[in-house]
1. Report yes if some residue within segment A:157-173 is in contact with a Phe, Trp or Tyr (Cβ under 9 Å, 6 or more places away or on another chain) and within 14 Å of chain B (Cβ to nearest Cβ); otherwise report no.
2. Taking into account only those residues within segment A:119-149 that are part of a strand (DSSP E or B) and either of a type in the set (K, R) or more than 14 Å from chain B (Cβ to nearest Cβ) (or both), which is farthest from the chain's Cα centre (by Cα)?
3. Hey, among A:A29, A:A75, A:A62, which residue is open to solvent by less than 40 Å² (accessible area, probe 1.4 Å), aliphatic (A, V, I, L, M) and under 19 Å from B:S125 (Cα atoms)?
4. List the strands (runs of 3 or more DSSP E) inside segment B:1-118, counting only whole elements, that have at least 1 residues being within 20 Å of A:T85 (Cβ to Cβ) and more than 9 Å from chain A (Cβ to nearest Cβ).
5. Within segment B:282-294, identify whether any single residue is modelled with pLDDT of 95 or more and buried (at least 24 other Cβ atoms within 10 Å of the Cβ), and answer yes or no.
6. Can you tell me which residues in segment A:133-162 are of a type in the set (V, I, T) and out of contact with any Pro (no Cβ under 8 Å at 6 or more places or on another chain)?
7. In segment A:251-266, which residues are surrounded by fewer than 23 Cβ atoms within 10 Å (Cβ to Cβ) and more than 21 Å from the chain's Cα centre (by Cα)?
8. Test each condition in (1) more than 21 Å from the chain's Cα centre (by Cα); (2) within 11 Å of chain B (Cβ to nearest Cβ); (3) closer than 21 Å to A:I246 by Cβ for A:G152 and report the one that comes out false.
2 protein chains.
Amino acid sequence: MKVREIGEQGLLKRLQSFCVPGMLGDDAAVLATPPGEQLIVTTDMLVDGVHFSDRTTPPDAAGWRAVAANLSDLAAMGATPLGITVGLSLTGETEVAWVEQLYTGMRECLQRYDSGILGGDIVRSPLKAISITALGSAPLERIIRRNAAQPGDAIVVTGVHGSSRAGLELLLHPEKGENLTESDRHSLIQAHQRPQPRLDILPLLWDILPSQSAIAGMDSSDGLADAIIQICQASNTGASIDRNLIPASPALTQLVPPPQALQWALYGGEDFELVLCLPPQVAQHFVQRLPSATLIGKITPETEISLVDPQKKYPDEPLSLNRGFQHF
Amino acid sequence: MKVREIGEQGLLKRLQSFCVPGMLGDDAAVLATPPGEQLIVTTDMLVDGVHFSDRTTPPDAAGWRAVAANLSDLAAMGATPLGITVGLSLTGETEVAWVEQLYTGMRECLQRYDSGILGGDIVRSPLKAISITALGSAPLERIIRRNAAQPGDAIVVTGVHGSSRAGLELLLHPEKGENLTESDRHSLIQAHQRPQPRLDILPLLWDILPSQSAIAGMDSSDGLADAIIQICQASNTGASIDRNLIPASPALTQLVPPPQALQWALYGGEDFELVLCLPPQVAQHFVQRLPSATLIGKITPETEISLVDPQKKYPDEPLSLNRGFQHF
C-alpha cells in the first residue's frame, strides 16, 4: 500500500499511535518546561540518498539514527530531552510500511530516553526527507558549550570512534567483513545503524563536577577531529591529542590496519560520542567511573591543534577540518 | 556565486547575521521561556515546486510565507512567538543570493513580530526544501484549541478570504488581472506573497474575553472550509455558515464572479486568518473592536456542517473537506 492510496488523513491516522497521546489534533503541540530551566533546541535535516539510503539503513534504522543525532546534540549541551517534532516529505509512491517502520525506529530510540514525538508535518515531495527538531531543557549553569575550554583541561571522549564508519563500509561491501566474527560484524553495523546518544553520562558528570564549573564539549557527529577543532576555535585555544590514546573498538582493529582505523576514528563521523574538556582531576574521576571513557589529550594555550606521538614513531601532524564530512 | 563554491562553512558565516546574536556556534540554541507559561511548538515543511516556486514566489516571499505559516499556527493556539529554527536543504547549484534573499524574507516577517531565527541546519540535497519549527509560549488557560467549540458559539473570521488564491492566479496568469487597478492587483499578490499571521488580534481577544473562557479556533491556512470542519470534528459539533457573510476583498470580487470568489474563499487556502468560536456577546464585542473581523455563522449541536442562504436563493449545501488542499 502506497502513501497516495491512503492520503494525508489516512497516513496521519496511522501515525497517531506513534506520537505522545493528546499532542496531535491542534495547530501546535503544547508542553511544560521544567521551572527555572532553559529551553534547548536543535534541528537536523536528513535527505534520502545523501544522509540515509535503503541500501545501508532500513527505514527503522533511518528513524533511529535521525532521532539519535538530535538527542546527541541535546546531550552535547547537557540537556534532558522533552520531545521532538518531525517534518517529513514523502513521494506519493512511498510504501506506508516504510513510513511506519521509520516511525517505529524513531519511537524506539525516543522511548529509551523517556521521550516522544510531539507533532510535525507530512508533505508531498519528489524526494524523501526528514527534518527533526529536538527540544530539551537544562539548568543554565549546567549548559555545556563549545567556547568554555581552558588551557590545561583534559580532553575526554565517552567511547570508541570509527565504528560507525566501519559499519557503513560493511554495509556497502559485505565481503570486507569475511574475516570478522559474527559478533564483531554485528557490533560495527549496530554502531552505524543504532548509535547511542550519550545522554546516559550526564548524571555521572553532574555527580562528579563541582557545581560552579562551566565545561566545554560537543558531540562527535561530524567526526572526532571536527569536534576538537570546533571546540578549540570557539574557545580560542589549541589542543594536543595523543594518537595512541584514541580509542577504537576491537572489531574495528580486526577489520582494518591501524592507520586506516585512526583515520576513521578521527574523520569518519557519526559516532555520536561526547568530547568533553574537563579539569584534570574531574577527568580522572570521570574515566574511572565510566569504563567506556578515555582521556586522549589536553587543551593548550597556543592555537595549534596537533596529533602527537609521545613515542616519536610518527611526526606531529595538525588535525584537519577538511577531511571531515563536508555538506556541499 | 553558487552554494558549492563557498561550502557549508562559508554559507553559515554569511547567514549568521540573519540570526539572533549568540545563538549559533553550539550544537543547539538556548532560550528562556516565560515563567509559568506553556511551550507551544509547530513544524511546517515546504518543498520547492510543491509549496513554493520561483515562478510565483521570489525567494524573499518564500521565506516570508514559510515563517508566516508557522507564526499563524502559533497565533491559532493563542501563543506569542519565541523564535524559529530553520532546516534547509539546498542543491550545490543554488545561488548564494537566493539563500540570502530567503533569509531576508524570513527575517522581515520575524522582525515584524519581535521574533528571530534561533538556529538550524543546512544540508545538501537534489531538491530545495525548508522546514521551520516555530516556538511560542502561552499561559495554559489562554491556549486556543480546536476541540473547545460549544453549540451556540458564534463563528468569527479575522479577515477576508480568497485573496491568496486570487493572488496566485494573477501570478500564474497575469493577463487575468488586466481589468484590475494596479492597487487591487498589488493587494491580491501581496495577500499571496506576504500573508500576515494574525498575532495582532491576540491582545484584543484577551482584553475582551472573560478570564476563565476556553475558546476554540484554528487558522485558515488549509482553507476556511477546512478550518470550520476541523473545529467541528474535534469538538463533536456542527456549524451553520451564512454564505452571504463570508468576507471577500473588493479586489477579489472585481477579479472573478461571486460563485468563483466564494469557492476561493472557502477552499483556496493560505489566507492565514483565524477562525474563532466565541460566546455570542464576546463575538459582537470582537467584531466591533476589530474592523476586519466578520461573524459568519454559528456552532450547532448536530454534526452537519452547512453553508446556508437565509435569503433562500441557494439551497443549503454541506461544506466539503475534499475540495481543500490535499497533500498527496
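The values are calculated or read from the model by the stated rules, or taken from the named source; none is laboratory data. Keep in mind that this is a model prediction, so the values were computed, not measured. Reconstructed Cβ throughout: ideal geometry from the backbone, glycine too, with neighbour counts over all protein chains shown. These accessible areas exclude ligands, DNA and RNA; they are computed on the full protein's heavy atoms, side chains included. Shrake-Rupley method; radii C 1.70, N 1.55, O 1.52, S 1.80 Å.
1. For segment A:157-173, residues in contact with a Phe, Trp or Tyr (Cβ under 9 Å, 6 or more places away or on another chain) and within 14 Å of chain B (Cβ to nearest Cβ): absent.
2. Quick first cut of segment A:119-149, residues part of a strand (DSSP E or B) only: A:119-124, A:129-138, A:145.
Filter once more, keeping what is either of a type in the set (K, R) or more than 14 Å from chain B (Cβ to nearest Cβ) (or both): A:124, A:145.
Working: A:R124: 28, A:R145: 16 Å.
So the residue we want is A:R124.
3. Details: A:A29 fails: under 19 Å from B:S125 (Cα atoms); A:A75 fails: under 19 Å from B:S125 (Cα atoms).
It is A:A62.
4. Details: elements: B:29-31, B:38-47, B:80-90.
By residue number, B:80-90.
5. No; the residues of segment B:282-294 include none that is modelled with pLDDT of 95 or more and buried (at least 24 other Cβ atoms within 10 Å of the Cβ).
6. Here is the first cut: in segment A:133-162, the residues of a type in the set (V, I, T) are A:133, A:143-144, A:155-158, A:160.
If the condition is that a residue be of a type in the set (V, I, T) and out of contact with any Pro (no Cβ under 8 Å at 6 or more places or on another chain), then A:T133, A:I143, A:I144, A:I155, A:V156, A:T158 are the ones that fit.
7. Correct list: A:T253, A:Q254, A:V256, A:P257, A:P258, A:P259, A:Q260.
8. Checking A:G152 against (1) more than 21 Å from the chain's Cα centre (by Cα); (2) within 11 Å of chain B (Cβ to nearest Cβ); (3) closer than 21 Å to A:I246 by Cβ, the one that fails is (2).
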